[in-house]
Amino acid sequence: MPLTLSLLFIVLLIGVSVFAVLQRGKPETSRRAYAASAAICGLLFLTAVAPRGAAELTATLPLGVPWIGMHFRIDVLSAFFQAVVNLGGVAAGLYAIGYGAHEKDPARILPFYPAFLAGMNLVLLADDAFGFLVAWEFMSLSSWALVLAHHHSAETRRAAYIYLMMASFGTMALLLAFGLLSGSVGGYAFSAMRGAAHAPWIPGLVLALTLIGAGSKAGLAPLHIWLPLAHPAAPSHVSALMSGVMTKVAIYGVIRIVFDLLGQPAFWWSLPPLTLGAMTAVLGILFATIETDLKKLLAYSTIENIGMIFVALGLALAFRSQGADLAAALAFTAALLHVFNHSLFKSLLFFGAGAVQAATGERNIERLGGLIHTMPRTAFLFLGGAMAISALPPLNGFVSEWLMFQAVLLSPSMSSWSLKLIVPAVGVALALTAALAAGCFVRAYGVTFLGRARSAVVGAAREADSWSLGVMGGLLLLCLFVGVAPGFFIDMISPTARFLVGGQMPPQSAMSWLTIAPIAESRSSYNGFLVFLFILWSAYVSMRLIHHFGSRALRRGPAWDCGFPDPSPATQYGGSSFAQPVRRVFANTVFLAREHLDMPAPGDTRPGRFGVEIHDRIMEGAYGRIGGAVDSISRRLDRAHLMTIQGYLTLVFAALVVLLLGIAIWR
């Protein structure tokens, strides 16, 4: 019954897309389409979290390949990700009811928005390679159309083109991975792939293709180049879905193939996700630290968090290969809990960025500042999201990252020396990432909301609408609840960990005072509830002491001006000022940053000018050379259009000879 309901609700989402097309141009269509999408996602969420009598539910529909059909299934893994996807869909739909009023051309968004939600849900329910890839492409194409919604901008068109190119490349890699898993028999159903025997070299190749195919969709470096371009280009509620939800569907694809279909892992399977995850986390937060576009900053932060999740998954593979079921369950639970946590606070932050953009028309933090005076509620809610993503207790970001570090501390128990050496190095990378993330969001929040206004648009800004504020407030409460009572969510993830890694953490919800102990209470424990009470108590005591001992007399005086009597906003720290130390340290290794200073000679009345150029080594180096090579080859192949019939016949004959030789050698 839950599977049938889920498929029915997905059909209803596609029906909302048809409704949006038929009712385009009417003013009430936007609110109705978003409200219907949110309601259907709410029903899908309830279907995912509802208790089921059977562990797995399957169905086969007469669709797709003739005489075979399409297979669908709900198990504990797909149900968890279905809950994450549709909770994000509910939040985005309700937010868009108010935010959608600011869209100039909603007809370019409404037909594809519910289709995007339907595509993500179909990926989670697919139980065969054909259905998975069809749903994956449906998800990619509908999200590409949403990225291209503001098509008048050349930057948006470029972002959509790169996104489509990377999505096609990723799908091709997944197609090859499923082809290897199905083998010569061609059993494309996941149930056939689980029991299939493979040659020794196939699992490694499938792992590499999966990391390329699904990792590129998730934003794993160096395949992340589309993400900081496409996510900011889309409308903010779509950006929240792409960054907070769609990247999790890609992580689901990795888990489904590597942890479920490939079988028992070897120890070296963990090395690529550990290495690439650590590199992705550090690279993402470094670029986020120097970024001035608020939505692009959040997109780079998503890359950082995706890297952390892949590190935790790599740890789970490593422990599982060593037979350490409890440690594998700890790392796997940390990964899934961070999947859920990131969907909450990243959606909150993108909604806050959307509210700022709708009120000011600006995404550049260098032109903002002082918004706490004109948008105090948005400022408070954005601050909560910034604290959560910075892993500050008692919010939810701290819990999942703390569990990751607990898993790292168990690495000395591994028997493989390569893992004993690489896991501590990865732990150091995670610690560096966590520290830089805190500094990044201190900069983002301070420059955007505090200080003096840097442009006239700030003074004209108005508070966000009640729908937007209500959704952001609800997400912040969820972030607090997960941080204060994480044991309930850990226990909800435990069946998934037992299903995929063979172990589970000790029951947490039964412990006193909402304490969690991932291994044993005598070894390590954390109590978010007591931390929250201590913060409230210390804040109250501090306030009472200040009011009791402080003078009640009022005295006015000039504010401290840091030695600059000029009240111009140009004299205060900006985003570039905060990022300068990080930018200079990594100027020659990561950013290729160049600073230009034009200082006039004494007596010259020209103003001094300072500029910074930042280049992406991966984008302009590796991909720039690949693009140049493709252009060069394309120009040479253009000559084929001018060949004679004899030339074409010669090419066909040569290709036939090469193929026959290949078949002969293969046999």
Residue among Ala126, Ala177, Ala91 that is within 20 Å of the chain's Cα centre (by Cα) and either surrounded by 18 or more Cβ atoms within 10 Å (Cβ to Cβ) or under 22 Å from Ser243 (Cα atoms) (or both): Ala91
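Within region 467-490, is even one residue at pLDDT below 90, farther than 17 Å from His338 by Cβ and open to solvent by less than 40 Å² (accessible area, probe 1.4 Å)?
The answer is no; no qualifying residue exists.
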Of the criteria (1) part of a loop (DSSP other than H, G, I, E, B); (2) open to solvent by 40 Å² or more (accessible area, probe 1.4 Å); (3) not acidic (Asp, Glu), which one Leu164 fails: (1)
Give me the helices (runs of 4 or more DSSP H) completely within region 435-515, filtered to those with at least 2 residues that are of a type outside the set (Val, Ile, Thr) and touching a strand residue (DSSP E or B) at 6+ places or on another chain (Cβ under 6 Å), ordered by residue number. 486-501
When you look at Asp105, is it charged (D, E, K, R) and open to solvent by less than 40 Å² (accessible area, probe 1.4 Å), yes or no? no
With respect to Val245, determine if the residue is surrounded by 22 or more Cβ atoms within 10 Å (Cβ to Cβ) and in contact with a Phe, Trp or Tyr (Cβ under 9 Å, 6 or more places away or on another chain). no
Every pair of residues 6+ apart whose Cβ atoms lie under 6 Å, when the first sits in region 59-74 and is without any contact (Cβ under 8 Å) to a residue 24 or more places away in the chain while the second is loosely packed, with under 13 Cβ neighbours inside 10 Å: Gly69/Leu61; Gly69/Pro62
Residue ID - farthest from Lys295 (Cα to Cα), chosen from residues in region 368-404 that are of a type in the set (Val, Ile, Thr) and surrounded by 24 or more Cβ atoms within 10 Å (Cβ to Cβ): Val399
Looking only at region 186-220, which residues are surrounded by 16 or more Cβ atoms within 10 Å (Cβ to Cβ), under 30 Å from Met242 (Cβ atoms) and of a type in the set (A, V, I, L, M, F, W, C)? Ala189, Phe190, Met193, Val206, Leu207, Leu209, Leu211, Ile212, Ala214, Ala218, Leu220
Looking only at residues in region 385-420 that are of a type in the set (Val, Ile, Thr) and within 18 Å of Ile490 (Cβ to Cβ), which one is farthest from the chain's Cα centre (by Cα)? Val408
When you scan region 596-612, do you find a residue that is assigned to a helix (DSSP H, G or I) and surrounded by 10 or more Cβ atoms within 10 Å (Cβ to Cβ), even just one? no
Would you point out the residue of region 320-349, among those that are within 12 Å of Gly88 (Cα to Cα) and not aliphatic (A, V, I, L, M), that is surrounded by the most Cβ atoms within 10 Å (Cβ to Cβ)? His342
For the condition part of a helix (DSSP H, G or I) and either within 15 Å of Leu146 (Cβ to Cβ) or of a type outside the set (Asp, Glu) (or both), what is the one hit in Pro222, Pro265, Pro200, Pro232? Pro232
Could you list all residues from region 530-586 that are at pLDDT below 75 and under 39 Å from the mean Cα position of the chain (by Cα)? Ser568, Pro569, Ala570, Thr571
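Is region 621-637 home to any residue that is of a type in the set (S, T, N, Q), modelled with pLDDT under 85, outside any helix (DSSP H, G or I) and open to solvent by less than 100 Å² (accessible area, probe 1.4 Å)?
Checked region 621-637: no residue is of a type in the set (S, T, N, Q), modelled with pLDDT under 85, outside any helix (DSSP H, G or I) and open to solvent by less than 100 Å² (accessible area, probe 1.4 Å).
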Going by what's in this entry, would Ala54 be described as of a type in the set (A, V, I, L, M), modelled with pLDDT under 90 and loosely packed, with under 14 Cβ neighbours inside 10 Å? yes
Yes or no: region 591-599 includes at least one residue that is of a type outside the set (Phe, Trp, Tyr), touching a Gly at 6+ places or on another chain (Cβ under 8 Å), over 24 Å from Val447 (Cα atoms) and at pLDDT 80 or above. yes
Thr302 is checked against (1) part of a helix (DSSP H, G or I); (2) polar (S, T, N, Q); (3) open to solvent by 10 Å² or more (accessible area, probe 1.4 Å) and fails just one. What number does that condition carry? (3)
Across region 58-72, which residue is nearest to the chain's Cα centre (by Cα) among those that are among the small types (Gly, Ala, Ser) and under 16 Å from Ala192 (Cβ atoms)? Gly64
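The values are calculated or read from the model by the stated rules, or taken from the named source; none is laboratory data. Quantities reported herein were computed from a predicted structural model and do not represent experimental measurements. No Cβ is skipped: glycine too gets one built from the backbone with ideal geometry, and neighbour counts run over all protein chains shown. All accessible areas refer to the heavy atoms of the entire protein, side chains included, with ligands and DNA or RNA removed. Shrake-Rupley method; radii C 1.70, N 1.55, O 1.52, S 1.80 Å.
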